[in-house]
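Working notes, structure below.
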2 protein chains.
Amino acid sequence: MTNKDARTPASVQDAQSEEAGKSIGWHKAYVEGSRPDLRVPVRQVHLTNGQAVTLYDTSGPYTDPSVDTDVRRGLPPLRENWIISRGDTEEYTGRPVRPEDDGIKHTSPRGGLRNLDAVFPGRPRQPRRSRGGEAVTQLAYARRGEITPEMEYVAIRENVEPEVVRDEIAAGRAVLPANVNHPEIEPMIIGKRFLVKVNANIGNSAVTSSIEEEVEKMTWATRWGADTVMDLSTGRNIHTTREWVLRNSPVPIGTVPLYQALEKVDGRAEDLTWEVYKDTVIEQAEQGVDYMTVHAGVRLAYVPLTANRKTGIVSRGGSIMAAWCLAHHRESFLYENFEELCEILAAYDVTYSLGDGLRPGSIADANDEAQFAELRTLGELNRIAKRFNVQTMIEGPGHVPMHKIKENIDLQQEICDEAPFYTLGPLTTDVAPAYDHITSGIGAAMIAWWGTAMLCYVTPKEHLGLPNRDDVKTGVITYKIAAHAADIAKGHPGAQEWDDALSDARFEFRWEDQFNLALDPDTAREFHDETLPAEPAKTAHFCSMCGPKFCSMKISQDIRREHGGTRTEIEEGMAQKSKEFAASGNRVYLPIAD
Amino acid sequence: MTNKDARTPASVQDAQSEEAGKSIGWHKAYVEGSRPDLRVPVRQVHLTNGQAVTLYDTSGPYTDPSVDTDVRRGLPPLRENWIISRGDTEEYTGRPVRPEDDGIKHTSPRGGLRNLDAVFPGRPRQPRRSRGGEAVTQLAYARRGEITPEMEYVAIRENVEPEVVRDEIAAGRAVLPANVNHPEIEPMIIGKRFLVKVNANIGNSAVTSSIEEEVEKMTWATRWGADTVMDLSTGRNIHTTREWVLRNSPVPIGTVPLYQALEKVDGRAEDLTWEVYKDTVIEQAEQGVDYMTVHAGVRLAYVPLTANRKTGIVSRGGSIMAAWCLAHHRESFLYENFEELCEILAAYDVTYSLGDGLRPGSIADANDEAQFAELRTLGELNRIAKRFNVQTMIEGPGHVPMHKIKENIDLQQEICDEAPFYTLGPLTTDVAPAYDHITSGIGAAMIAWWGTAMLCYVTPKEHLGLPNRDDVKTGVITYKIAAHAADIAKGHPGAQEWDDALSDARFEFRWEDQFNLALDPDTAREFHDETLPAEPAKTAHFCSMCGPKFCSMKISQDIRREHGGTRTEIEEGMAQKSKEFAASGNRVYLPIAD
């Protein structure tokens, strides 16, 4: 796995071998909770001034050199004992995995199951579900006043009291997606009271990419900070790809069951039935999918509202359900069977992500009647889900110009009783294909500041093709920027400390600390070295932008000296480094005289 | 020059040779004004459906195949007759160019002037300035009620009445930077009533880069949409580099005279004098610099306010003036001689860009007393400049978290009588070096929506090194996105038409039109072709993201058909293309069956 050969093990090595004053990078650490099996991972950045900065970490065991991970075996089942000890679930003989689950025809020479065993030897334990049929969801526990280990875990991660976590979940303002069949995850919470989260989409398609690629994209995305990953695979090997992703993912996994259901009916929307859909939801719940996008808000009556839109329906799930409704001239089978669906999800603690199938696909269609009609139905479905103790979040747009973003989230919060909003962007203009991570990063930062709980990333390939590894990284980094900018604007406790630590390093010319504190240390270091490669430049008290004569930071140091600034040791340290730099003979500055 | 060998000539060729229905790209066109020598350039994009979209164009004669440009000769002096015919300026024997203007010591074997002639043979006509000493500025003309050719030119560019342009300039809410010694520029206007503008910084430094590189960066930046360019050169050949940039630039050029003045005193801030500075301003005004950043707001009394900041003073100009004030314990010579400076600028129509020398360099320092104290002084200086009929804009931060951005611009607009705000970003977080085009693009879009008139771009190299050609393009594209998103949010007439045209093309699967309408057609086409390279895919009515079975847009077409949508010809056209696609045997979709 990419993450195994990452910078980290080496850095930790450094931490032990190198003396202070040189880069000692960062290492994975754990904060212990009230029980020995409750250890919350953090990223500890070691600064050259002897201090350390602790950052939120989503990278999982892959960045812990003491853990030996093997993608063919999967991650250790961190939550297994917590789930079993609650005593409200039982193992059972799950639904048999059929060839068609992998998109292989009955007539296929290779059986799907054999095929599956072949590619994933370390296969599942028996699936579990609610014993008596009652809800085994974090929402049910929270409402009962119970603080689960999962809640304590996220409380430590978010640096708040466990009671705050329980209360936000109980009120439906936050969700903690954690399927009882996905014990491998490190619990995380999604709600406006907490750090803004980022989702990364992966998934092979009818056109390209392999299972290994998708698993690598998943670990790659979490390494850069994805808080959840959605597997949107279509085409072949959907079941097996998902199995690999789930068993190896340290973060909650989301899916859109409708995509696989459509594969089971050979892509003919009109052939979809509640039975095929239900079978698919159970199949995925048994595998351990933590949240599912369900487009139950696309009702027959709303479809005509899209007829005169500039870009019609741009949600895949939405367009499939719309096509089904039209073909049969009937109400959506998802809407009509929603209560039964709630019972299924409650038995595994699968969280709803109520899909916005009618989200706008262009600036022109933003905040129109089709979108808001569906939103009102999502508000209604949210209340039903809560009656069944199913955790629920609401998906949002899409393409929305800046001046319409606030109206969009304010309405969602009002109609959906403050259920967590989970938005795609929104894109603030349509004119920049190949740069939609940026057109949408702008809207994402704003809507997150105003209360969106999780942002679905957009990559540079949006509208053009499938993201590769680089696109995934660019999308995740861009969205971590949007999320963090919102955390600062929301005044999230501790959010700005990260910025302050990096700015201190910048002012004091601690280049290695700047790199190690950066969202993307590798690229920051690489860019710096393009113009000032030599090692002494890492201790230079100026950079290539101005050269030494112009260095404003250096002049600021003088000013501070004049006016009783408090950092004289630092200045002495800098003077020393400056001498070293001169001594090194690395003369960055070309004198003006010939 | 890069722009000569650009896509354009080829595309125009296509336009003549190829039949409709295939890509005919775009070509440069002109809108004629009230006189034959008033021709406003536009970018005409030809759509495959026979329609055309007209876009604002900053690329200059370089993208006009009928103009033969030569960087050693410079661009034609478009405005020369307009300036002369006003009869209020006269040629005179300018200040002799000295070797030290190029940072070459008196002792130098190579004389600066000879050196200059060698590298730029097609050297200036005599400089001109105000005949009787009265202001020859667009502000003076506007206040007198005159609509100059320059005003009519920008009125056509902005699609407003000339009277609107005159009125905004007269009120000081907009500036039209146009030095009488820079007749080569295509006039443009900066004000919140107009399209949001983008500035790109170029400039060699003590550490790296050459004259040719800087001229190429300038033309490259304007090709991608930069509305003005600032030459921030330091180190050697400052005068010559500037001469090349000015003579070849179709957009207004800005500088920071303080940088060159400092070179003239060998980089010792304490040796700066009003005389050296004044000499430098005249030198640059005679060359044709259109606007100058002047850090006259950094007063002695404000310097201590920065002593306990996290990142002190981060503006080069600001730190140089602060150092001077401290060294002499005297008030700033720029502040004390501001009225004389106004007289000089008024004689050439050089526009003030009053620098924010105390802008915050970190989230922690945003909107602090040091910044706002200087802002109040800038408001005072703005009023003095207006008394001398000098056009004036105000520079702004910097690093500002999202929740403090609105306070920042509202205060600037109030204190500075709505003078155009010209901001650097602002960056909304400090933690992402190597991605500061994005951290700042977020803040730039927001502050522009709220009234900023021009955005100074930030490249991925910010804080790390000097931008190369790719960085310049990334910075400009990112800022064009921010500016256009703001134009839409402000409801600028016609802004959304661009988005609508591209979204129509997207919905109708006119791939070539999507590419040609994109902010960066080359990259959009390249990304699409990574997954679907074949030519028939350009007419496919689906893409690699979903494959044909899932195509939501296609399903939307069916819905529209059901519900009396108005685009049946389009659908027939698509059905036809679909047949061609199938016939081509280019089977993108892999069937599920083995």
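The values are calculated or read from the model by the stated rules, or taken from the named source; none is laboratory data. Computed from a prediction, not measured in an experiment: that's the story for all the values here. Glycine also receives a Cβ, built like all others from the backbone with ideal geometry; neighbour counts cover every protein chain displayed. Quick note on the areas: whole protein, heavy atoms, side chains included, nothing else; ligands and nucleic acids left out. Shrake-Rupley method; radii C 1.70, N 1.55, O 1.52, S 1.80 Å.
Being within 26 Å of A:LEU502 (Cβ to Cβ), open to solvent by less than 10 Å² (accessible area, probe 1.4 Å), outside any loop (DSSP other than H, G, I, E, B) and in contact (Cβ under 8 Å) with a residue 12 or more places away in the chain: is that true of B:GLU374 here?
On the way: within 26 Å of A:LEU502 (Cβ to Cβ): yes; open to solvent by less than 10 Å² (accessible area, probe 1.4 Å): yes; outside any loop (DSSP other than H, G, I, E, B): yes; in contact (Cβ under 8 Å) with a residue 12 or more places away in the chain: yes.
Judged against the criteria, B:GLU374 is a match.
Of the residues making up segment B:514-534, those that are closer than 22 Å to B:ALA483 by Cα and either without any contact (Cβ under 8 Å) to a residue 24 or more places away in the chain or part of a helix (DSSP H, G or I) (or both) are B:GLN514, B:PHE515, B:ASN516, B:LEU517, B:ALA518, B:PRO521, B:ASP522, B:THR523, B:ALA524. Looking only at residues of segment A:379-404 that are touching a Cys at 6+ places or on another chain (Cβ under 6 Å) and of a type in the set (A, V, I, L, M), we find that the one that is nearest to A:VAL350 (Cα to Cα) is A:VAL390.
The helices (runs of 4 or more DSSP H) found entirely in segment B:386-504 that carry 2 or more residues being free of Cβ contacts under 8 Å to residues at least 40 places away in the same chain, more than 7 Å from chain A (Cβ to nearest Cβ) and open to solvent by less than 10 Å² (accessible area, probe 1.4 Å) are B:436-449.
Report yes if some residue within segment A:173-189 is touching a residue at least 12 places away in the same chain (Cβ under 8 Å), crowded, with 24+ Cβ neighbours inside 10 Å, part of a strand (DSSP E or B) and in contact with a Gly (Cβ under 9 Å, 6 or more places away or on another chain); otherwise report no. Looking for residues that are touching a residue at least 12 places away in the same chain (Cβ under 8 Å), crowded, with 24+ Cβ neighbours inside 10 Å, part of a strand (DSSP E or B) and in contact with a Gly (Cβ under 9 Å, 6 or more places away or on another chain), one finds at least one in segment A:173-189, hence yes.
Scanning segment A:257-294 for residues being assigned to a loop (DSSP other than H, G, I, E, B), within 14 Å of chain B (Cβ to nearest Cβ) and open to solvent by less than 10 Å² (accessible area, probe 1.4 Å) gives a total of 1.
Any residue at all in segment A:69-82 that is open to solvent by 40 Å² or more (accessible area, probe 1.4 Å), modelled with pLDDT of 90 or more, assigned to a helix (DSSP H, G or I) and of a type in the set (Asp, Glu)?
Initially, segment A:69-82 is screened for residues open to solvent by 40 Å² or more (accessible area, probe 1.4 Å), giving A:70, A:72-73, A:76-78, A:80-81.
If we keep only those that are modelled with pLDDT of 90 or more too, we end up with A:76-78, A:80-81.
Right, trim to assigned to a helix (DSSP H, G or I) and you get A:80-81.
Pick out the ones that are also of a type in the set (Asp, Glu) and you get A:80.
Within segment A:69-82, one or more residues are open to solvent by 40 Å² or more (accessible area, probe 1.4 Å), modelled with pLDDT of 90 or more, assigned to a helix (DSSP H, G or I) and of a type in the set (Asp, Glu).
Looking only at segment B:276-287, decide whether some residue is touching a His at 6+ places or on another chain (Cβ under 7 Å) and without any contact (Cβ under 8 Å) to a residue 24 or more places away in the chain. Among the residues of segment B:276-287, not one is touching a His at 6+ places or on another chain (Cβ under 7 Å) and without any contact (Cβ under 8 Å) to a residue 24 or more places away in the chain, which makes the answer no.
So which pairs qualify, if the first residue must be in segment B:111-140 and at pLDDT below 60, the second must be open to solvent by less than 30 Å² (accessible area, probe 1.4 Å) and outside any helix (DSSP H, G or I), the Cβ gap must be under 8 Å, and the two must be at least 6 apart or on different chains? That search, which allows pairs on different chains as well, returns B:GLY111/B:ILE104; B:GLY112/B:VAL97; B:GLY112/B:ILE104; B:LEU113/B:VAL97; B:ASN115/B:ILE104; B:LEU116/B:VAL97; B:GLY122/B:GLY74.
Do you know which residues across segment A:280-305 are within 17 Å of A:PRO127 (Cα to Cα) and touching a helix residue (DSSP H, G or I) at 6+ places or on another chain (Cβ under 8 Å)? Spell out the reasoning first.
Within segment A:280-305, the first condition is being within 17 Å of A:PRO127 (Cα to Cα), and the residues that meet it are A:280-291.
Once the filter is applied, which keeps residues that are within 17 Å of A:PRO127 (Cα to Cα) and touching a helix residue (DSSP H, G or I) at 6+ places or on another chain (Cβ under 8 Å), segment A:280-305 yields A:THR280, A:VAL281, A:ILE282, A:GLU283, A:GLN284, A:ALA285, A:GLU286, A:GLN287, A:GLY288, A:VAL289.
The set of residues from segment B:445-483 being touching a Pro at 6+ places or on another chain (Cβ under 7 Å), on the phi < 0 side of the Ramachandran plot and not polar (S, T, N, Q) comprises B:ILE447, B:ALA453, B:MET454, B:LYS461, B:LEU464, B:ASP471, B:GLY475. Only a single criterion out of (1) modelled with pLDDT of 95 or more; (2) assigned to a helix (DSSP H, G or I) is not satisfied by B:SER353, namely (2). B:SER544 meets the conditions (1) within 7 Å of another protein chain (Cβ to nearest Cβ); (2) at pLDDT below 95; (3) within 30 Å of B:MET446 (Cβ to Cβ) in every case but one. The failed one is (3). Scanning segment A:507-531 for residues that are at the interface with another protein chain (Cβ under 7 Å from one of its Cβ atoms) and open to solvent by 10 Å² or more (accessible area, probe 1.4 Å) returns A:LEU519, A:THR523, A:PHE527, A:GLU530, A:THR531.
Across segment A:302-323, what is the total count of residues that are in a helix (DSSP H, G or I), open to solvent by 10 Å² or more (accessible area, probe 1.4 Å) and touching a residue at least 40 places away in the same chain (Cβ under 8 Å)?
So the first thing to find is which residues in segment A:302-323 are in a helix (DSSP H, G or I), and the list is A:302-306, A:316-323.
From what's left, open to solvent by 10 Å² or more (accessible area, probe 1.4 Å): A:302, A:304-305, A:316, A:323.
From what is left, the residues that are touching a residue at least 40 places away in the same chain (Cβ under 8 Å) are A:302, A:305, A:316, A:323.
Total meeting the criteria: 4.
Among the residues of segment A:209-254, write down those that are among the basic types (Lys, Arg) and part of a loop (DSSP other than H, G, I, E, B). Please lay out each step first, then the result.
So in segment A:209-254, the residues among the basic types (Lys, Arg) come out as A:217, A:223, A:236, A:242, A:247.
Listed by number, the list holds a single entry, A:ARG236.
Look at (1) of a type in the set (Lys, Arg); (2) surrounded by fewer than 24 Cβ atoms within 10 Å (Cβ to Cβ); (3) under 20 Å from A:THR351 (Cα atoms) and you find that A:ARG242 fails only one, number (2).
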